[in-house]
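So that we are looking at the same thing, I have put the structure below in structure tokens.
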2 protein chains.
Amino acid sequence: MIRRFDYGAPLKTDALVKDVPLSADALPYFTVTETDGGVCFTHALGKDDLIFGLGETVRGINKRGHLYRSWNTDEFSHLESKESLYASHNLLIFSGQGSPFGVFFDDPGEVVFDLGYTDANTAAITSVNGNVSVILIEEDELNAIVRAFRSLIGQSYLPPKWAFGYIQSRWGYAADSEVRAIVREHRDRHIPLDGVCLDIDYMVDYKDFSWNRESFPDLKKLSKDMKEDHIRLIPIIDAGVKEQSGYDVCDEGVANGYFCTYEDGSPFVGAVWPGRSYFPDFFRPEVRRWFGDKYHALLDQGIEGFWNDMNEPALFYSENGLKAAHEELNRLLTTNIGLDAFFHLKDVVLGMANNRDDYRSFYHQHHGKRMRHDKVHNLYGAYMTQAAAEGLRSYDPDKRFLLFSRASYVGAHRHGGVWQGDNSSWWSHILLNLKMLPSLNMCGFLYTGADLGGFSSNTTEDLLLRWLQLGAFTPLMRNHSALHTRDQEIYRFGMQEDMRNILTVRYALLPYLYSEFMKCALTQESMFRPLAFDYPADQTALRVEDQIMLGKECMIAPVYQQNARGRYVYLPEDMLLVRFRSAADYDLLPMEQGHHWIDLQLNEMPLFIRKGCIIPLSRGGEWVEAVDFTDLTLLGWLDGAASYELYDDDGTTTQPVLADGLNAILCGVKDGRAFADGKGLTVDASRVIVNG
Amino acid sequence: MIRRFDYGAPLKTDALVKDVPLSADALPYFTVTETDGGVCFTHALGKDDLIFGLGETVRGINKRGHLYRSWNTDEFSHLESKESLYASHNLLIFSGQGSPFGVFFDDPGEVVFDLGYTDANTAAITSVNGNVSVILIEEDELNAIVRAFRSLIGQSYLPPKWAFGYIQSRWGYAADSEVRAIVREHRDRHIPLDGVCLDIDYMVDYKDFSWNRESFPDLKKLSKDMKEDHIRLIPIIDAGVKEQSGYDVCDEGVANGYFCTYEDGSPFVGAVWPGRSYFPDFFRPEVRRWFGDKYHALLDQGIEGFWNDMNEPALFYSENGLKAAHEELNRLLTTNIGLDAFFHLKDVVLGMANNRDDYRSFYHQHHGKRMRHDKVHNLYGAYMTQAAAEGLRSYDPDKRFLLFSRASYVGAHRHGGVWQGDNSSWWSHILLNLKMLPSLNMCGFLYTGADLGGFSSNTTEDLLLRWLQLGAFTPLMRNHSALHTRDQEIYRFGMQEDMRNILTVRYALLPYLYSEFMKCALTQESMFRPLAFDYPADQTALRVEDQIMLGKECMIAPVYQQNARGRYVYLPEDMLLVRFRSAADYDLLPMEQGHHWIDLQLNEMPLFIRKGCIIPLSRGGEWVEAVDFTDLTLLGWLDGAASYELYDDDGTTTQPVLADGLNAILCGVKDGRAFADGKGLTVDASRVIVNG
């Protein structure tokens, strides 16, 4: 049952694609109280209750025990004590003694989730502005709640097939020759690769939709050459538009009044990478149309994918903020500075970025009404993603393009994916990467992944290696790192052969990963799920935080600790361990339900297949198009009939298509014996069937 | 075999108490190369080699795979990517295919430990100044290397018995009445307590050896009243001395030339809590004597313990640094600031603290020679600790006082303990706390512990609870938190009864913890050891990073993950699990060697006793002196004869004394049956013996 409960004057967010009728009932489960300008929903927690949801956040899959704040933030340090990252995914799912229930707080302003933080036994959710639509979803099991929610919010974005390939990225790639060299290093070593991201350095003065004609003298030719080598370029687009007369985007935006404004109607100025910048008011359809169409300039160069950044929106400082800081610093510096003044000076300087005063100083047009930014802050990135998606669609409505964003709100999942933001080269972030996956999936974001190897700080080769062993399963598989950090491309490291082998596993698994992605998108399922969702009666599975279900058939449990040579794994049922050293070299080990220690050397990565299931493994390839989805080995631990249905298509059609004409052998364990043959196998167009 | 190899002109550090003859051999294991002004020692690592040591640092017990920098730093954020904390403990122990070996780089300047970071298979240690004494220790097993090293560096500091009690601390306790109230809250609830720390707020303007006569009108009476309630006050002393005419410490220091100086001989000025401050030149015996004797003023008030802080030395900024920043900021602010200028402005402001230029701008007298600070930086805190220890000894040579420090170098372990610095209320820091323990012990620091519940950030009650379950085993057991964070005293929380129960376990274990501490101090053993040290042939034990050995008989393995209801534990041999809910309520579960999942509810903490060993458990008490060390229950899983020797004394004698007259019953498991009786037990003065 799905019911809506409104408080204050809820704002339209476009999160939902279906109308939920307003309930005449009192909101169950929660006590509702007014706070200073807001409204607070409190729910008493049983001692062992669990809470899921919140999409892109720090800490556990079970969110209980911390305070989270939906306030999209350019946060460069994903510490466990942080309250906000780049996204606001206001879905909670409570699981306790009785039936579970889900609740979505549809409010584009600040929402605070105190989930057993202030009081261990109370969840208190506060809409700071008090204008919120509460969507209550009651189903008898956790996955059904997700399905119901996902049906409400609409089908997830579908990336092209090539976007499931390995992507190399780095803040700093600045020239045609550099891109070609990077690609060559991969190809020469047979390290699979399908894309190279261009970070802000490809632009002229960080101007959106520009590219540096000196360092990229012929972008169209570069794109074409790359595509012939099965590589796509993926340029970045930032939210802020450089204030510069003569720059078309700036001039048009100013002339047409497309930018966010101060209260007096003049355009708001904030500083981001280009320096003083304007911010398109993506809330307005005509601005989205205008900005979205700007992507065509790059599409005309042969580009087929983009990433949108800085769209929380990040603000290094505002014009007004800088002026105030300037005055304060001048005041502080006129006297012999004391300790208090020194700390105040630090606060002044550090407080300029992403300052709340700035977010209260500019305005949007939101469904025809002027709206102060902070009331709708968390929608900004989502509407930018929508603008880009609409621009791509207007360029070619019959083609899937790659698009992913840093900031998001529920609803943006229909238009693009998200990466997990500017993480660090920390071992703890492998686990954070893993934990975000099922939470993001619940909120509709299926195309996602983290910066493998870590964005900030210096990576080490074992960290990158172990991280790739997780990234091999995430739809977005991108190695990305920050300027001034250690070079992080696979070929820089002594263990490159082991890393290459991980990519062979990735590419061999593409038929499975692609099929599962499409099935989940089309049927509102999660590709990654907490064990708790599939085994709700298993008290141990409920609290597993370092393993997740992948697709209908699998479970993943990567190593995420330095110097480890294995890890503990809990099997909620009998499973077949596939211990991969490469796509061509792996062990098949049937393992019984229960706790296990698994030996995993640096070059070994595990995948667990549920007993009775089969998954397809291809022969792989060095780019996605080279992977033959119809020439398969089936892996499984069989105890009867089994089948697997496969998606395969041209990779860009907007309507994913089932495979046509498969060829498979079976490789697995049955009756305690390993085998590899085609016996007992029926193959139809899109389905392989193992007879019982 | 122990050999010394000198490079450059090694400086005297007082780390060693014995002379190691200079070897005529070439240094084995390492290739030695000159670097720019320094010397680098490289060692090829086998694929599976492990590296232990480095005392107080981030990351694993096995230090392989990161870069560490010995440069004592006031580091408020203990991220895994940090290179330096507050201490320099330059001991490495390499364990690989052949015999293990230890190597101590005795150099008080900057030393860089690149342990398979730049190249996964190379350890490269660089003495930046090139003046280093390399002490090589070759023994046939890991614990023997530690014993040999510890014999070289001398007996560890012995704290008084009461210092093993629970200590409550918080930055912000500011008045007599507040201290009394805190103690009362504990006593009223029967939460055991032995000490209250006074952080900087007890002073007048943060002046060392002062106390605020308004908020503490009669410190002597407060001390006396507290002591009658079995509570000790433990005031903080900072390294910097406020520059203030009329303040005796300042005036005497200036008059006698006791402070560190600029190159021109005038006293160096840096800003710390008191604002502009001078820094005693603790390198000189006469300065240590003068400063140490200053502690007498507080001892006269009945104080029996101190903590030394800010002695890296921390510098918020220097007089010169502020002037330079001031000029730079003025310059930046005269023009319309651009993006580069803005980031530069941030760098200028943030770069003022702990600036390397400042550390190069002042001088010590080191063994009669003028020495620029940066050459001997890492000794500053150690010599401050020595000053305090000497002052305490000159006050009463026959009494043990409590003394612990933030900064340290090997050698300081003879004079005081260390706490693990300004950690955060992060779950990951429970594990960091655990990992530091064996590493600190190797370097002689036996009296240690972390800020339980976490210093910075806000704690949650489950975090404090789980952290206390580890802290129950650490010699220093202190709950400490920062100003402006959530109140963190046990009685603030709903789960206070569970927390109290943890303290009952701590106090019941005091006879064991105290005896093991004294044995380890007197015989140069480690109280906490990696499993690798006790089970070097066990390939699984070698890499265990979240369990450590405690004393001769035990292993600890606390829960360190939020929302967990248990954890995996590897038993390197058969052990008895004692699952404590309180000192009076526990399960005894014999468990076989191997991997186990252990259920541990929030109120349950595990202790593992090696099969065949017994440990004493007292009836506990609400303060240390109330614990009867002679009235014991012996816990164990018996398969033959066993015995335990106990230390017990007045708690302050400088020569620890064995117990005299014990009374015990035996409670354990034998032949698969639990029992509790006194049968088969022989008790002599200090030893309980179970007949086989």
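The values are calculated or read from the model by the stated rules, or taken from the named source; none is laboratory data. Nothing here was measured: the structure is a model prediction, and the numbers come from that model. Cβ: placed from backbone, ideal geometry, glycine included. Neighbour counts: every protein chain shown. In case anyone asks, the SASA skips ligands and DNA or RNA and just uses the protein heavy atoms, side chains included. Shrake-Rupley method; radii C 1.70, N 1.55, O 1.52, S 1.80 Å.
Taking the Cα centre of region B:465-564 as the origin, how large is its charge dipole in debye, to the nearest 20, when only Lys and Arg (+1) and Asp and Glu (-1) carry charge on their Cβ atoms?
Working: 10 positive and 11 negative charges, 45 e Å.
Here region B:465-564 has a charge dipole of around 220 debye.
Which residues of region B:561-580 end up with at least 30 Å² less accessible area in the presence of all protein chains than when their chain stands alone, using a 1.4 Å probe?
By number: B:GLN562, B:ASN563, B:ARG565, B:TYR568.
I want the local charge near B:TYR86. Using Cβ-Cβ distances under 12 Å, sum +1 for each Lys or Arg and -1 for each Asp or Glu among the other residues.
Residues near B:TYR86 contribute -4 overall.
Can you grab the distance from the C-alpha centre of region B:503-571 to the C-alpha centre of region A:87-128, Å, no decimals?
Centre-to-centre (Cα) distance: 39 Å.
Can you pull the mean other chain C-beta count within 10 Å for peptide A:350-356?
1
Quote the FRET efficiency, to the nearest 0.05, computed for A:LEU67 versus B:GLU625 with a Förster distance R0 of 45 Å and r equal to the Cβ-Cβ distance. Intermediate values should be presented prior to the final figure.
Numbers: r = 41 Å, r/R0 = 0.91.
After rounding to 0.05, the efficiency reads 0.65.
Tilt of helix A:219-228 relative to the longest C-alpha principal axis of chain A, in degrees (0 to 90, nearest 10)?
10
On the protein heavy atoms, probe 1.4 angstrom, tell me the percent of accessible surface of the protein assembly as shown carried by carbon and sulfur.
47
A further question follows. Return the distance in nm (one decimal) between the two label points of a simple spin-label model at A:ASP574 and A:GLU34, each offset 7 Å from Cα along Cα→Cβ.
Calculated label separation equals 6.2 nm.
Using alpha-carbon positions, what is the distance between the centroids of region B:274-346 and region A:287-361, in Å?
One Cα centre to the other: 31 Å.
Would you please give the FRET efficiency between A:PHE76 and B:ASP660, computed as 1/(1 + (r/R0)^6) with r the Cβ-Cβ distance and R0 = 60 Å, to the nearest 0.05?
0.50
From other protein chains only, count the Cβ atoms within 10 Å of every residue's Cβ in B:47-58, then give the mean.
Average per residue, whole number: 1.
Angle between the Cα long axis of helix B:285-294 and the longest principal axis of chain B, 0 to 90 degrees, nearest 10?
70
By its C-alpha gyration tensor, with a ≥ b ≥ c as the square roots of the eigenvalues, how is region A:1-153 shaped: rounded for a/c under 1.5, else prolate for a/b larger than b/c, else oblate?
On the way: a/c = 1.32, a/b = 1.15, b/c = 1.15.
Verdict is rounded for region A:1-153.
For the pairing of chain B with chain A, what total accessible surface becomes buried, with a 1.4 angstrom probe, in square angstrom to the nearest 100?
When B and A are taken together, about 5000 Å² of accessible area is lost.
How many Å² of accessible area per residue for chain A, probe 1.4 Å?
Working: 21760 Å² over 692 residues.
Ligands and nucleic acids excluded, the figure is 31 Å² per residue.
Would you work out the charge dipole size for the protein assembly as shown about its Cα centre, treating the Cβ of every Lys and Arg as +1 and the Cβ of every Asp and Glu as -1, and quote it to the nearest 20 debye?
Dipole magnitude for the protein assembly as shown comes out near 600 debye.
Taking each residue of B:452-463 in turn, how many C-beta atoms of other protein chains fall within 10 Å of its C-beta, and what is the average? The partial results should precede the final answer.
Working: counts 0, 0, 1, 0, 1, 4, 5, 0, 9, 7, 4, 2.
Mean shielding count: 3.
Dipole of region B:201-280, Cα-centred, from +1 at each Lys and Arg C-beta and -1 at each Asp and Glu C-beta, to the nearest 20 debye?
280
A follow-up question, please. Positive end of the charge dipole of chain B (Lys, Arg +1 and Asp, Glu -1 on Cβ, about the Cα centre): tell me which of B:ILE665, B:LEU509, B:TYR535 has its Cα farthest that way.
B:ILE665
Straight-line reach only, C-alpha to C-alpha below 16 angstrom: list the aspartates and glutamates that B:LYS552 could link to, leaving out same-chain residues fewer than 8 apart.
B:GLU516, B:GLU525, B:ASP534, B:GLU573, B:ASP574, B:GLU645
How far, in nm to one decimal, is A:LYS224 from itself in the other copies if the label point is set 7 angstrom along Cα toward Cβ? Shortest first, please.
Spelled out, the distances from A:LYS224's label point are 9.7 nm.
Which of the listed residues, B:THR126, B:GLY116, B:SER70, is farthest toward the dipole's positive end in the protein assembly as shown, when Lys, Arg count +1 and Asp, Glu count -1 at the beta-carbon?
Ranked along the dipole, the leading option is B:GLY116.
Would region A:199-254 count as rounded, prolate or oblate if I go by the C-alpha gyration tensor, calling it rounded below 1.5 in a/c and otherwise prolate when a/b exceeds b/c, oblate otherwise?
prolate
If you don't mind, another one. Farthest toward the dipole's positive end in chain A, which of A:VAL249, A:PHE291, A:HIS364, given Cβ charges of +1 (Lys, Arg) and -1 (Asp, Glu) about the Cα centre?
A:PHE291
Then there's this: Run the quick spin-label model on A:ASP48 and B:ARG492: label points 7 Å from Cα toward the beta carbon, then report their separation in nm to one decimal.
That separation, rounded to one decimal, is 3.0 nm.
Checking the cross-link filter: which aspartates and glutamates have an alpha carbon closer than 13 Å to that of B:LYS221, excluding same-chain neighbours under 8 positions apart?
In chain and number order, the partners are B:ASP176, B:ASP229, B:ASP300.
If you find the alpha carbon centre of region B:166-210 and of region A:615-644, how far apart are they in angstrom?
Result: 66 Å between the Cα centres.
Pairs A:LYS63/B:LYS82; A:LYS82/A:LYS435; A:LYS207/A:LYS294; B:LYS323/B:LYS375; B:LYS12/B:LYS207; A:LYS18/A:LYS399: which exceed 21 Å Cα-Cα? Please report the intermediate quantities before stating the final value.
On the way: A:LYS63/B:LYS82 27 Å; A:LYS82/A:LYS435 15 Å; A:LYS207/A:LYS294 12 Å; B:LYS323/B:LYS375 24 Å; B:LYS12/B:LYS207 31 Å; A:LYS18/A:LYS399 25 Å.
Violating the 21 Å Cα-Cα cut-off are A:LYS63/B:LYS82; B:LYS323/B:LYS375; B:LYS12/B:LYS207; A:LYS18/A:LYS399.
Still on this structure, please answer the following. How big, in percent, is the set of alpha carbon pairs in chain B lying more than 46 Å apart?
17
On to the next question. Quick check on region B:559-692: take the gyration tensor over C-alpha atoms, sort the square-rooted eigenvalues as a ≥ b ≥ c, and tell me if it's rounded (a/c under 1.5), prolate or oblate.
oblate
Continuing with this model, one more query. Principal axis lengths of region B:378-513 from Cα atoms, whole Å, largest first?
The principal-axis extents, from largest down, are 45, 32, 27 Å.
Would you mind computing, in nm to one decimal, how far apart the modelled labels at A:ASP225 and A:ASP585 are, each placed 7 Å from Cα along Cα→Cβ?
Label-label distance for A:ASP225 and A:ASP585, simple model: 3.5 nm.
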